[in-house]
Each structure stands twice: as structure tokens, then as C-alpha cells.
1. Which one is farthest from the chain's Cα centre (by Cα) among residues in segment 83-102 that are part of a helix (DSSP H, G or I) and free of Cβ contacts under 8 Å to residues at least 40 places away in the same chain?
2. Inside segment 152-171, can you point out the residues that are closer than 17 Å to Ser129 by Cβ, out of contact with any strand residue (DSSP E or B) (no Cβ under 6 Å at 6 or more places or on another chain) and surrounded by 13 or more Cβ atoms within 10 Å (Cβ to Cβ)?
3. Has segment 103-116 got any residue that is under 26 Å from Glu64 (Cβ atoms), among the basic types (Lys, Arg) and either in a helix (DSSP H, G or I) or free of Cβ contacts under 8 Å to residues at least 40 places away in the same chain (or both)?
4. What residue, among those in segment 60-77 that are β-branched (Val, Ile, Thr) and touching a residue at least 40 places away in the same chain (Cβ under 8 Å), is surrounded by the fewest Cβ atoms within 10 Å (Cβ to Cβ)?
5. Could you tell me whether any residue of segment 117-131 is of a type in the set (D, E, K, R), at pLDDT 90 or above and closer than 19 Å to His98 by Cβ?
Amino acid sequence: MESRNEDLEMSKPAKARINFKTGEVELEGSEQFVQEQLVNIDAIAEYMALLATNNSAYEESLVEQEEIAIVAEEEEEKLSSVGEQELQIPNTFGEWFHRFRNEINDLEKALITAYYVQKQSPQNDFKTSEVNKFLQEHGVKLSNPSTSLKRLAEKKLLFQTRKSGKLKYMRVSSDGVNHLKSLRR
């Protein structure tokens, strides 16, 4: 009789249902089948967690990109009315830098350099590393250029235009352009 019960148990159809969206796992079948699948449950759980993490990171990235685009669009509108053309960029950085007063702080030096680097870029924006490199190449010493650029962004003198992975691209805002105008000799 036991052998017959085992045969019935073995012939029972086995089913496994996994819903990755809700995180549900359902196993149905013989005890042996269920036991075999439970061995793999850790791998299934890890895969489900990875999918959930990737989906939420992707969704956060989409929201962040939308927010960046909205801010960039608003700033573009403001920049069109600021009269940026008054700040004509000469061919050399030295000429550009000497158009500004002598008594400027590190933040203002970073802003002046960022604007020059931005205007040399085909996309009309810059990365922090580009500004750092430019400052070093031209012997302009700042205590911490990266921190200076972050503080300029906090003061709304810079804004983010796009993001590629962890790289952030920035642009001088309309307030930043107005501040540059006020620093001229």
C-alpha cells in the first residue's frame, strides 16, 4: 500500500509559481519536488531583491532626470532675459580672468572659471573635474574647488543640466551670470 501512495505522490503534477513584482513564491507538488525547490529559494530571493533594487533605482533615476530637466528649462528661460551676451568670452582664460576685480574669494574664482569652461563646451555645461583641471593648468589656487562648486550650486549660482551615471553636468544660472556681471572691473 505504501508503494501505491508513493506512486500517486510522484505522479501528482508539480507546479512552481513565482511573482517577481509581489515577491510571492508558490510551490505545489510532491514533498520531494518542494524540498528540491526549497534548496534554490535563497537564489530566487536574492534575484527578486536584485530586481526590486534595480527597479527602484531606475524609477528614482527617472524622477531625478525629470526634476533636472524641469530646473534646467526654468533656468534657460531666465538666462534668455539676463543679457548673457554682455559677458563676451575672450579667446584666452587669462584675459577673461583679468576682467574681474582683484579682491574676489575662492567661490567667485570658481564661478568665473566654471563659466569660462562652460562656454568652451559644445554642450554649454561642465563637470567639476573639468573646472578643477582648468584651475590647476592656469595656476589658480583654491582651497577646495569641488566644495566651492557645491556651495555655488547650493547658492543657486549653478544648476545641474544632466547626469550620466554618477557624473553631474552643471551650468551657471541666471543668478550666477548676474553675480559675474557684478564682479567685473
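1. Going through segment 83-102, the residues part of a helix (DSSP H, G or I) turn out to be 84-86, 93-97.
After this cut, where a residue has to be free of Cβ contacts under 8 Å to residues at least 40 places away in the same chain as well, the list is 85, 95-96.
On the way: Gln85: 30, Glu95: 34, Trp96: 30 Å.
Among them, the one singled out is Glu95.
2. Matches in segment 152-171: Ala153, Lys163.
3. Taking every residue of segment 103-116 in turn, none turns out to be under 26 Å from Glu64 (Cβ atoms), among the basic types (Lys, Arg) and either in a helix (DSSP H, G or I) or free of Cβ contacts under 8 Å to residues at least 40 places away in the same chain (or both).
4. Looking at the filtered set, the residue picked out is Val71.
5. Within segment 117-131, one or more residues are of a type in the set (D, E, K, R), at pLDDT 90 or above and closer than 19 Å to His98 by Cβ.
The values are calculated or read from the model by the stated rules, or taken from the named source; none is laboratory data. All figures in this text were calculated on a predicted structure; none of them were measured in a lab. Methodologically, a virtual Cβ is constructed for each residue, glycine included, from the backbone with ideal geometry; neighbour enumeration extends over all protein chains shown.
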